[in-house]
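The values are calculated or read from the model by the stated rules, or taken from the named source; none is laboratory data. All values reported here derive from a predicted model rather than from experimental measurement. Counting neighbours? That spans all protein chains shown, and the Cβs are built from the backbone with ideal geometry, glycine included. What goes into the accessible areas is simple: the full protein's heavy atoms, side chains included, and nothing from ligands, DNA or RNA. Shrake-Rupley method; radii C 1.70, N 1.55, O 1.52, S 1.80 Å.
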Amino acid sequence: MSFAIFLALVAVFCWSTVATAFKLSLQNVTPTELLLVASLVASIFFIIISLGPARSKWKVDPWNFRRLFLLSLAGLINPFLYYMLLFGAYDRLLAQQALALNYTWPLVLVLFDSLSRRSIPKSGLSICLIFSFVGIMISSGIYSKSILEIDLYGILLALCSAFVWASYWVLQNRIPGDELINLTVSFSLSTVLLLIIFPFPQLETFSIIFWPSYVGLIEMAFPFYCWSLAMSRVRHTAEIASFVYLSPVLSTLWIAVILNEPLQFDLILGLTIIVVSCFFSSRIRSVDNEVNN
C-alpha cells in the first residue's frame, strides 16, 4: 500500500467518526459553542503546521487584495456558515438522518457545474440527480410521516449545509496560493470573528472541551491536511477519490455502536441511494474531464 493511499484512508477514518463526535459534543454545548471551540482548535493546528516545514510557502505566492478578500469570504463560508448550519442540523435530527442529508453536497456540485456551463446535465448525471432526490425524500421521512412528525427546520439546515459546502469548493478553486496557507488564513480570520461574536463556553466538565476539540482536530483540520498530502502524491485524483465513500458507511457503524442510535431502515436506504448516486456522478465527471483534457 502506497503512502498516499495510507494518508487517504487515515483521512476517511477520521471523517467517519465525526457524526458521532458531533452528537456527543452537542450533549454538553450549544452549536455555536461547538463551532467556536472547534474552529479555534483547527486554527491552532493549521498555524502550527504552516509555520513548520511549510513556512517558506508564505512567501512563495503573492499577497494582494483579491486573495485576501477571497480568503475572508472562504472563512465566512467555512467554518462559520457551513458548520453553523451543520451543527444546527445535528442538534435537531438523528445523526444518521443529518449524515444522509448533508452527504448530498457532491450532487450539488454537479448542479453548480452545469449552471456555470449553462448546460443541462448529461443523461447519466441526470439519473444520479433523480436518484439522489429520491434518497433525500426517503431520508427526510416526508414520504411516510405526517408533516407534524417531521423536523422541517432541521432538514432544511442539513440540506442548506450541503449547498454551502458545495459553494465553498467552487470558491476554493478560484483562490490562488498554497492550500494549507489559505486554510490557515481563512480559518484564523473566521475564528477571530467567532471569538468576537460568541462567548466562550464555561469549562465545567472535561467533555465540554474534549469533544469540541476532537471535532476541530479530527473533522476540520487533520484529515484535510492528510487528504491534501495524499492528493499531492498521486497522478490522478481518481486513484484515491473513491475512498471518500467509505466514510458514510463507517459513520453508520460508529453511530450504532457508540451512540446506541437504532439504525432505521429508511434512513440507511436513503443514505445508500445518495452515496451510490454521488459515487457514479463522480465517476461520470472524471471520465468527462479526461475526455475533455
Review point. Which entry is the computed P(r) over Cα pairs in 10 Å bins from 0, in percent for this structure: (1) 6, 26, 36, 25, 6, 1; (2) 5, 16, 18, 13, 8, 5, 5, 5, 6, 6, 5, 4, 2, 1, 0; (3) 7, 26, 32, 25, 10, 1?
Key: (1)
Review point. Taking a probe of 1.4 angstrom, what is the accessible area of Cys14 in Å², to the nearest 10?
Key: 10 Å²
Exercise for review: Please work out the Cα center distance from region 24-71 to region 189-207, rounded to the nearest Å.
Suggested key: 15 Å
Review point. What number, rounded to the nearest 500 deg cm²/dmol, is the helix-based mean residue ellipticity at 222 nm of the chain, given -39500 (n - 2.57) per DSSP H run of at least four residues and division by all its residues?
Key: -23500 deg cm²/dmol
Revision key, fill the gap. Nearest-0.05 FRET efficiency for Leu246 and Phe206 at R0 = 41 Å, using Cβ-Cβ distance, is 0.85
Exercise for review: Quick one: compute the contact order of the chain, relative version, from alpha carbon pairs under 8 angstrom and 6+ residues apart, as a percent.
Suggested key: 44 percent
Point to revise | Surface share of carbon and sulfur [accessible, 1.4 angstrom probe, percent] for region 124-263 | key: 70 percent
Exercise for review: Would you mind checking region 212-234 for residues with the amide N under 20 Å from a putative spin-label position 7 Å along Cα→C-beta of Phe3?
Suggested key: 222-234
